[in-house]
Amino acid sequence: MEKPQSLNHHVKDLLHRELEKPVLEQLYIAHGVATDQLRRDPETLCQITDAFNHITGQRYDSSTLLRYMINRRKQSDWPRLGTRATKFDSVLNLLSPDQFAVLRQIYLELDIPSDQFLYEPQLIRDIANRFTGLSGTLVPGTTLVAVIIAKRKRGLWVKIREPFADIEEVAS
């Protein structure tokens, strides 16, 4: 079976089901960080990505593999960590009210669905740079994206557009 290599193929079909998917699943389980938390823990996501690429001989980036895992989870085809999952403090405790206001302004100005930030490393860097420029505080971009998504998922910030309208495909 030929494996899709282009980002224009369906995300859920990115990996070979019998050969590559089990490797990624085992690495995910071994690291014990839930898919929703991997964006907050880029070091672990990089470790999973590096190990996966080394074992399989592939060259996927972290964003692509994370999107694959999240899409598989949304299709109920991804392992659950349950009580084995690493616990994290709420990201909503990481910023001051003034910093939240700056981040909200950036989110609204960008006019991009919050989940899309996860898959575009340049957007994450842009958010971090804008945040530092406006707030004078250096906060990792992945942390800022986690805060944006947490605010959105709890209904505390407006919905920009329908996220994951392309759940079956990686955005062009």
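The values are calculated or read from the model by the stated rules, or taken from the named source; none is laboratory data. Because the structure is a prediction, the values reported are computed rather than measured. Cβ sites come from the backbone with ideal geometry, for glycine too, and all protein chains shown count toward neighbours.
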Problem set entry | Single match in 96, 76 (criterion: over 13 Å from the mean Cα position of the chain (by Cα) and in the same structural domain as residue 143 (by TED's automatic domain parsing)) | 96
Exercise. Which one of these does residue 128 not meet: (1) surrounded by fewer than 18 Cβ atoms within 10 Å (Cβ to Cβ); (2) at pLDDT 85 or above?
Worked result: (1)
For this session: With the condition kept exactly as written, say whether any residue in the range 91-112 is touching a residue at least 24 places away in the same chain (Cβ under 8 Å) and among the small types (Gly, Ala, Ser).
Result: no
For this session: Answer yes if at least one residue in the range 14-37 is outside the structural domain of residue 133 (by TED's automatic domain parsing), closer than 16 Å to residue 148 by Cβ, at pLDDT below 95 and not β-branched (Val, Ile, Thr), and no otherwise.
Result: yes
For this session: All but one of (1) among the charged types (D, E, K, R); (2) under 17 Å from the mean Cα position of the chain (by Cα); (3) over 27 Å from residue 160 (Cβ atoms) hold for residue 13, so report the exception by its number.
Result: (2)
Seminar exercise, completed: Pairing a residue in the range 142-169 that is closer than 26 Å to residue 44 by Cα and surrounded by fewer than 20 Cβ atoms within 10 Å (Cβ to Cβ) with any residue that is of a type in the set (D, E, K, R) and modelled with pLDDT under 75, where Cβ atoms lie under 8 Å and the two sit 6 or more apart in sequence or on different chains, gives 168/12
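Would you pick out the residues in the range 21-57 that are assigned to a loop (DSSP other than H, G, I, E, B) and surrounded by 15 or more Cβ atoms within 10 Å (Cβ to Cβ)? Let's see the steps before the verdict.
The first filter runs over the range 21-57 and keeps only residues assigned to a loop (DSSP other than H, G, I, E, B), leaving 32-34, 39-41, 57.
The answer is 33, 34, 39, 40, 41.
Quick grid of which residues meet (1) out of contact with any Phe, Trp or Tyr (no Cβ under 9 Å at 6 or more places or on another chain); (2) outside the structural domain of residue 99 (by TED's automatic domain parsing); (3) modelled with pLDDT under 90:
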| residue | (1), (2), (3) |
| --- | --- |
| 136 | yes, no, no |
| 139 | no, no, no |
| 144 | no, no, no |
| 158 | no, yes, yes |
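Here is a yes/no grid of residues against (1) β-branched (Val, Ile, Thr); (2) over 23 Å from residue 60 (Cβ atoms):
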| position | (1), (2) |
| --- | --- |
| 94 | no, yes |
| 100 | no, yes |
| 105 | no, yes |
| 118 | no, no |
| 121 | no, no |
| 132 | yes, yes |
| 138 | no, yes |
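If only one of 84, 125, 152, 104 is touching a Gly at 6+ places or on another chain (Cβ under 7 Å) and farther than 19 Å from residue 28 by Cβ, which one is it? It would help to see each step written out before you state the result.
Values: 84 fails: farther than 19 Å from residue 28 by Cβ; 152 fails: touching a Gly at 6+ places or on another chain (Cβ under 7 Å); 104 fails: touching a Gly at 6+ places or on another chain (Cβ under 7 Å).
Of the residues listed, the single one that is touching a Gly at 6+ places or on another chain (Cβ under 7 Å) and farther than 19 Å from residue 28 by Cβ is 125.
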